[in-house]
Structures are given as structure tokens and as C-alpha cells.
1. I'm checking my understanding of the structure. Among residues of segment 41-69 that are of a type in the set (Ser, Thr, Tyr) and at pLDDT below 95, which one is most open to solvent (accessible area, probe 1.4 Å)?
2. For GLY225, all conditions in the list (1) crowded, with 22+ Cβ neighbours inside 10 Å; (2) touching a helix residue (DSSP H, G or I) at 6+ places or on another chain (Cβ under 6 Å); (3) at pLDDT 95 or above hold save one; what is the number of the exception?
3. Being open to solvent by 10 Å² or more (accessible area, probe 1.4 Å), out of contact with any Leu (no Cβ under 8 Å at 6 or more places or on another chain), over 30 Å from LYS72 (Cα atoms) and modelled with pLDDT under 95 is true for just one of LYS230, LYS234, LYS273. Which residue is that?
4. Can you tell me which residue among GLU130, GLU161 is open to solvent by 10 Å² or more (accessible area, probe 1.4 Å) and either in contact with an Asp or Glu (Cβ under 9 Å, 6 or more places away or on another chain) or part of a loop (DSSP other than H, G, I, E, B) (or both)?
5. Report, by residue number, each residue of segment 180-225 that is on the phi < 0 side of the Ramachandran plot, out of contact with any Gly (no Cβ under 8 Å at 6 or more places or on another chain) and assigned to a loop (DSSP other than H, G, I, E, B).
6. Before we move on, is LEU284 under 19 Å from GLU329 (Cα atoms), touching a Lys or Arg at 6+ places or on another chain (Cβ under 9 Å) and either buried (at least 19 other Cβ atoms within 10 Å of the Cβ) or not basic (Lys, Arg) (or both)?
7. Give me a count of the residues in segment 133-151 that are touching a residue at least 40 places away in the same chain (Cβ under 8 Å), open to solvent by less than 60 Å² (accessible area, probe 1.4 Å) and over 15 Å from ILE358 (Cβ atoms).
8. Here are LYS76, LYS72, LYS93, LYS84: which of them is at negative phi, at pLDDT 90 or above and not in a helix (DSSP H, G or I)?
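The values are calculated or read from the model by the stated rules, or taken from the named source; none is laboratory data. Small disclaimer: the values here were computed from a predicted structure and weren't measured. For neighbour counting, all protein chains shown are included, and Cβ atoms are generated from backbone atoms with ideal geometry for every residue, glycine included. With ligands, DNA and RNA removed, areas are computed over all heavy atoms of the protein, side chains included. Shrake-Rupley method; radii C 1.70, N 1.55, O 1.52, S 1.80 Å.
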Amino acid sequence: MKIGVLTSSRADFGIYIPLLNVLRQDNNINLKIIAFGTHLSKSHGYTVTEIVDQGFTSIDKIQLNFSDDSPKGISKTYAETCLKFADYWSKSKFDLVFCLGDRFEMQAAVQVGIPLRVRFAHVHGGETTEGAIDNVYRHQITLASSVHFASTESYAQRIKEIVGSGKYVYNVGSLSLDELDQLKLPTIQSVCKQFLFPEKDFILATFHPETVSVDMNESYVNEMGKSLRKLLDKYQIVITMPNADTMGSLYRSEILRIAAKYDNLYIVESFGKLNYFTAMKNALCILGNSSSGIIEAASFKKYVINVGDRQKGRMQSKNILNSSFDAIEIVNQVESAVNFGDFNGKNIYYKKDVAKSILKLINKELANA
């Protein structure tokens, strides 16, 4: 059985790891990783090296241009992705190809496979993010896919509504949380040493642009900048850089400007999954608008200040403190989160043995297809 796995960024690869590990351990599966997107962008950390570092050697690499993050530039990258995957799917045949999430380049790779009869399995479908155009991409990927692995029962029900059928739709839980209690995380000391920030209390932050309200991003960047400057008067902040979304360079530029003036702001292009989990586990709180705050942080007993509408619509555990893109509100919510300390509630996205469940299901469904 030949299985392909589409991975376009550091974020989805980190989520895939438990599944990739069980797939490569199955002697009946011929696994091929298809790396594209920002994995091959030097300005975004060239994170294809993280795939190699995990011991995966069967990798097809598809280079794309991410030099222009204007709306027109994103559209051109989308078109380039379609053209390159039209060639790729016509030459490369798989029994099943995994795709994950909602990024525009992931959607392009999937959509162009429809005429070529590529069979896709979608992970993390059915979710809603009202502040990101990814919401559209995610549902399009769902419609183009034959098999679906949802992270909650509500999302599984939404997938059934979108595709008009309950066939091959499964609620398995969040793949990124699989075997979390068994992970051998690096120490915070080693992470601090590797990424060059002091071993003392810090806030972990990530800000991405809002790709629905594109014209508001200049205002949002301004409020982000004001809040970070205010917080840096009191706290150390470790910030990971945004993905290659529309107008992401605005956020990058502002973060770099602040870092030039504050020696307690530390920039990390890409932690990698285990290092990121260690950082999350040891942070005072999580700040920004990344999906990791919504899905993963509760398992590390962390409160999250979820800023703006990018993640609006996603189901939330009780560790989420929502804030608008308003500097005063953001700072106040951070202070509340720090004062709360550890979160002791439940993560609604957690289920045991997600990767093993997916493997069992694809073996069953492919055998009966």
C-alpha cells in the first residue's frame, strides 16, 4: 500500500509526527512524504531539515516561491502550486494521500488532484476560523477528500453536513496531542541554550495575520506592537514568527523592529514540535492567535490569550481568554493569565491512540474500497 503525506509547513509536520511514526512501522505501507510550501523556503527556516532530522528519508520536494505575500502574490503562489502538482500527481500514484488543515497551498495541491482521481484523507476538517480565509480552503479540502479524521464529534458532524454523507467520517481526536504523556521532551535548559534565550520566566507568543479582514492588518500590527512593548517592560517574551500568509511580512517587520530595541524579546523561526512543546510547558502563558493555543495548550496546563478573530469559531477549552486586537485589553488579559497560574481543566481535543486509530481505519477502508 503506497501512502503519501502532504506537508507544507512546520506546523502541519509537527501534528503529523505520531501518524508518520506508525505508518513507517507498518511493513505493508510504502510511505512517501511530499514536502512543499515553506518547508523549502530559507526565509521561513527551511524546515524540511526537521523532516530529515526525524529520520524520514523518502521525501519528494516541490519548490514554491513565497517571496510575495500580497494578495496577488499569494494568488500567484497558489497558481504555481496547482501547476507543479498537476505534473506531480500525473506521474506519482498513491493508494491514499493524507492532507491536513487549511492552508492555501495545501488546498491547491489537493484541488488539482481531483481530475487525476487522487484519493485524499483529510485531518482536522470541519473546523471554523472566521478570521482566516483558511476557513474556505479547509472546507474545499473536505469536499475534495474521500476519508475524514475529525478532532471532535461536533467537527465530524459538520463534515457530514458538508459532504452530505457520514461515510468514511471519523472522530479520532487531535493528532497533535497523540501520546503526549509518552513524549520525551527536551529540558527547558537545553531549549534555552539551543535557541539563545535566558532560562527565566517568559511569555510564549505567536501572531499570524488575519486573512479575511486583510485591510485591518496594519491596525492589528500596531496594536500588537504596542502590547508587546508594554509587556516587555515587565516580561521576557519568546516569539515564533508567522507563517507565509497574506501580509505576514507586516508582522515580521514589526517584530524585528521591536527586537532591535528590546533585548528581552527573543525570536525563533521554528522550534520543531518537541522544543515547542517544552517552551509551551514552561511558559507563563501563551499569547497570540495560533491554533496551537486553542488545541494544544490546555494539555500543558497553560492559559491562552487568544487575540482577534483568526481562531473565532473553533471550539475552546476553558483555558482560553479572548481579546480583541486592542493593546490595553491584551496586556490586561496577559496579567490575568499570569495571575491564574496553571490551568487544571480538560482539553476537549484530547483522545488516546489517535495515530493507531487512523492506521487501523485506513487499513480497513482501503481493503474494502
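1. Filtering segment 41-69 for residues that are of a type in the set (Ser, Thr, Tyr) and at pLDDT below 95, the one most open to solvent (accessible area, probe 1.4 Å) comes out as THR57.
2. (1)
3. Exactly one of LYS230, LYS234, LYS273 is open to solvent by 10 Å² or more (accessible area, probe 1.4 Å), out of contact with any Leu (no Cβ under 8 Å at 6 or more places or on another chain), over 30 Å from LYS72 (Cα atoms) and modelled with pLDDT under 95, namely LYS273.
4. After applying the criteria, what remains is GLU130.
5. Of all residues in segment 180-225, those on the phi < 0 side of the Ramachandran plot come to 180-195, 197-225.
With out of contact with any Gly (no Cβ under 8 Å at 6 or more places or on another chain) added as a condition, the list becomes 180-195, 197-204, 214-219, 221-225.
Listed by number, the residues that qualify are LEU183, LYS184, LEU185, PRO186, THR187, PHE197, PRO198, GLU199, LYS200, ASP201.
6. Numbers: under 19 Å from GLU329 (Cα atoms): yes; touching a Lys or Arg at 6+ places or on another chain (Cβ under 9 Å): yes; either buried (at least 19 other Cβ atoms within 10 Å of the Cβ) or not basic (Lys, Arg) (or both): yes.
Spelling it out, LEU284 is indeed under 19 Å from GLU329 (Cα atoms), touching a Lys or Arg at 6+ places or on another chain (Cβ under 9 Å) and either buried (at least 19 other Cβ atoms within 10 Å of the Cβ) or not basic (Lys, Arg) (or both).
7. Final tally of qualifying residues: 3.
8. LYS93
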